[in-house]
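Below: one structure, written as structure tokens.
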Amino acid sequence: MNKHEIYDYLNKWEIWYEVTEHKAVFNMAEISDVVLPYPEADAKNLFVRDDKKRNYYLITVKGDKRVDLKEFRQKNSTRPLSFASENDLMKVMGLIPGAVTPFGILNDIECKVQFFIDEDFFIGIHPNDNTATVWVKTDDLINIIKGHGNQVNIVQV
């Protein structure tokens with residue numbers, strides 16, 4: 001799905017959202033230069049895989065949080081984790097680096113990606129395109145991903 005298809009999807013299911021258009025950003029440092037209406041709700045998304053490339057995980061946390069993958073592994077009983085390659089990101093979620101977002105899970109036809117979201121917060125994420133941020137309620141996002149068939153885990157990171 002591209003960003004317009006994401007907006008159509010949200011409208012079809014009557015899910016509240018707000019959009020902030022901005023320049024393309026590729027990391028958290030670049031987003032700090034963008035004026036956002038809800039800066040405290042900006043999300044950081046990490047697409048990782050286990051050492052056997054059998055399991056893929058999307059970890060979503062508040063933008064200012066640091067994620068220790070070794071600690072995450074221990075808390076969630078996974079194999080050793082590392083960042084997935086650009087090739088894996090495109091193959092599994094149809095995304096490029098800098099555009100990683102939970103909405104990319106809607107492109108995961110095989111439902112390979114397990115979604116881990118940190119706590120319950122109002123969230124700003126890319127609509128599968130890094131030139132905008134979509135603000136949605138966390139519960140709505142969780143329901144969208146569960147409805148797609150992917151596993152959702154609410155964790156404390």
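The values are calculated or read from the model by the stated rules, or taken from the named source; none is laboratory data. Small disclaimer: the values here were computed from a predicted structure and weren't measured. All Cβ positions, glycine included, derive from the backbone under ideal geometry; neighbour counts span all protein chains shown.
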Quiz item: Across the range 100-126, which residue is farthest from Val19 (Cα to Cα) among those that are under 9 Å from the mean Cα position of the chain (by Cα) and in a loop (DSSP other than H, G, I, E, B)?
Solution: Val100
Quiz item: Somewhere in the range 95-109, is a residue under 24 Å from His4 (Cβ atoms), of a type in the set (Gly, Ala, Ser) and at pLDDT 95 or above?
Solution: yes
Quiz item: Name the pairs whose Cβ atoms lie under 6 Å apart, with the first residue in the range 28-55 and touching a residue at least 24 places away in the same chain (Cβ under 8 Å) and closer than 18 Å to Val136 by Cα, the second surrounded by 11 or more Cβ atoms within 10 Å (Cβ to Cβ) and hydroxyl-bearing (Ser, Thr, Tyr), and 6 or more positions between them or separate chains?
Solution: Leu36/Thr20; Ala43/Thr60; Asn45/Thr60; Asn45/Thr101
Self-check item: Meets criteria (among the aliphatic types (A, V, I, L, M), surrounded by fewer than 11 Cβ atoms within 10 Å (Cβ to Cβ) and over 18 Å from Val134 (Cα atoms)) for Ala84
Solution: no
Practice problem: Pull up the range 65-84, narrow it to residues that are part of a loop (DSSP other than H, G, I, E, B) and touching a residue at least 24 places away in the same chain (Cβ under 8 Å), then point me to the one that is farthest from Asp50 (Cα to Cα). | Solution: Lys65
